[in-house]
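The values are calculated or read from the model by the stated rules, or taken from the named source; none is laboratory data. Not measured: the values here are computed from a predicted model. Note that we place each Cβ from the backbone using ideal geometry, even for glycine, and neighbour counts take in every protein chain shown.
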């Protein structure tokens, strides 16, 4: 069975977020897909199936289990299927519709004059927020940081989700961001059964730019170098706290620098009449390997 691996949210080999994709996965059972995801041991592995109602049906597995939605698998799979000619690119912008566990996820595939391709997903559902969060003292202990590292005037700790929930935690400096390390004992006490057990920490680096890190012990992911689902939740959070009732904002998010796998994510949010109407996240991808998995 043919597979490909990619680096996503980057245009350079050996950076971004690793992804394995099986573009023709018909016949695989859930048990086998989970074992394959464990074998590859990437943060996500995608299995692509034909679908009657959409262009393709994606099933996304982490080493710890199947998840309903993820950003870099959606972005990377759209890029790969376009490169393989699984759908035509007749214009500069082509929409492809994926069905995932969370529902239908539209993806725009952009192709410029020199043939370069990048992809952008639209969040499958409007952002949800959860404001009753653990205290900062517990969160600081969980991140192996001092309380002052979490004291940020312009941002608040909040849970957010556009299909996969994250606890968004602002930090005071890039130095604190680099020092952060999950204390699993405290995480199990504070966040294991929380509405948003996955942790996304961030620091503003400019007017419209941020640097972040993501930890997901619940999914057996020690740290993720680029997290599109977290970027969609984060964009919803940022749009929520824009003072204007209407507008369109774009942010550049760097991730993975502490892991030696720098990534660049573009996030866009549209708000109308105080309501967040649309969130988009996109980036580039590169194919790294292709091969055959021997199942018998």
> Which one of the conditions (1) out of contact with any strand residue (DSSP E or B) (no Cβ under 6 Å at 6 or more places or on another chain); (2) crowded, with 16+ Cβ neighbours inside 10 Å; (3) without any contact (Cβ under 8 Å) to a residue 24 or more places away in the chain does residue 113 fail to meet, given that it meets all the rest?
Replying inline: (2)
> Assuming residue 139 fulfils every condition listed in (1) in contact with a helix residue (DSSP H, G or I) (Cβ under 8 Å, 6 or more places away or on another chain); (2) surrounded by fewer than 19 Cβ atoms within 10 Å (Cβ to Cβ); (3) not in a loop (DSSP other than H, G, I, E, B) apart from one, which condition is it?
Replying inline: (2)
> Under the condition of being under 23 Å from residue 136 (Cα atoms) and touching a helix residue (DSSP H, G or I) at 6+ places or on another chain (Cβ under 7 Å), which residue from the stretch 213-239 is surrounded by the most Cβ atoms within 10 Å (Cβ to Cβ)?
Replying inline: 231
> Only one of (1) assigned to a strand (DSSP E or B); (2) not assigned by TED's automatic domain parsing to the domain that holds residue 16 is not met by residue 288, so which one is it?
Replying inline: (2)
> Residue check: is residue 159 on the phi > 0 side of the Ramachandran plot, surrounded by 20 or more Cβ atoms within 10 Å (Cβ to Cβ) and assigned by TED's automatic domain parsing to the domain that holds residue 202?
Replying inline: no
> For the stretch 246-282, what are the residues that are in contact with a helix residue (DSSP H, G or I) (Cβ under 9 Å, 6 or more places away or on another chain), crowded, with 18+ Cβ neighbours inside 10 Å and over 16 Å from residue 233 (Cα atoms)?
Replying inline: 263
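Among the candidates 26, 20, 37, which residue alone is surrounded by fewer than 20 Cβ atoms within 10 Å (Cβ to Cβ), in contact with a strand residue (DSSP E or B) (Cβ under 8 Å, 6 or more places away or on another chain) and either assigned by TED's automatic domain parsing to the domain that holds residue 102 or assigned to a loop (DSSP other than H, G, I, E, B) (or both)? If you could, list the steps in order and put the result at the bottom.
Values: 20 fails: surrounded by fewer than 20 Cβ atoms within 10 Å (Cβ to Cβ); 37 fails: surrounded by fewer than 20 Cβ atoms within 10 Å (Cβ to Cβ).
Testing whether each residue is surrounded by fewer than 20 Cβ atoms within 10 Å (Cβ to Cβ), in contact with a strand residue (DSSP E or B) (Cβ under 8 Å, 6 or more places away or on another chain) and either assigned by TED's automatic domain parsing to the domain that holds residue 102 or assigned to a loop (DSSP other than H, G, I, E, B) (or both) leaves just 26.
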